[in-house]
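**Student:** Sharing a structure here in structure tokens format.
The values are calculated or read from the model by the stated rules, or taken from the named source; none is laboratory data. Nothing here was measured: the structure is a model prediction, and the numbers come from that model. Surface areas here come from the heavy atoms of the whole protein model, side chains and all, with no ligands, DNA or RNA. Shrake-Rupley method; radii C 1.70, N 1.55, O 1.52, S 1.80 Å.
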Amino acid sequence: VTSSQAGVDVQSPSVSYVGSGVFLHMWNADDGTGADRLQVSTSSSSSSSSSSSSGVPGIFLAVNVVLLGKQVEGAPVYYGADRVAVTSTYLLTVTSVSNVSPSVVTLAEGTIDTNGSFSSVVRLPNLAPGTYNVRMTGEHTNGATLELTSQVTIDAGVFTSIGANIPVIR
């Protein structure tokens, strides 16, 4: 499925399976204005569409595998929601799983606006060597808690592994 528009320089593409045969496509695009824009679309096995018009409500998280071997500090984490519960809250955290007493760093938190959708990017802080869970939590329109977790490993300030998103519905 081709998700981006012709003539647009696409960077850091990512595809995540969100369930029910639907995939979420995310990429950073430079349309020539000098401003990078996060783009999102959904697709199924037979079609592709804008995230604002169809697909399965949910959250998304991308710590892109192209970052392997690259510096952690300042690395982008793309996150957002598509038609989730209006005025529900979301939380994006990084939790150390290497320590006996894990430390949790909140990267972003907020309330979903009246259309139930948003997309954003945050930059990672400097993280000590170890393994971390990058986790996005939000609320589905049916009231269930949605959670996506990508586990990353860091050594000497660079990513040595970036895991796929693991979804949890509660």
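**Student:** Note the full-extension length gain between Val168 and Asn126 as 0.36 nm times their separation in residues minus their Cα-Cα distance, in nm to one decimal.
**Tutor:** Using 0.36 nm per residue and subtracting the Cα-Cα distance, I get 12.4 nm.
**Student:** Let me ask you something else. Does the range 100-161 come out rounded, prolate or oblate, given a ≥ b ≥ c as the square roots of the eigenvalues of its C-alpha gyration tensor, rounded meaning a/c under 1.5 and, failing that, prolate meaning a/b above b/c?
**Tutor:** Since a/c reaches 1.5 and a/b is larger than b/c, the shape of the range 100-161 is classed as prolate.
**Student:** Enter the accessible area per residue of the range 92-153 (Å², integer; probe 1.4 Å; all protein chains in place).
**Tutor:** I get 49 Å² per residue for the range 92-153.
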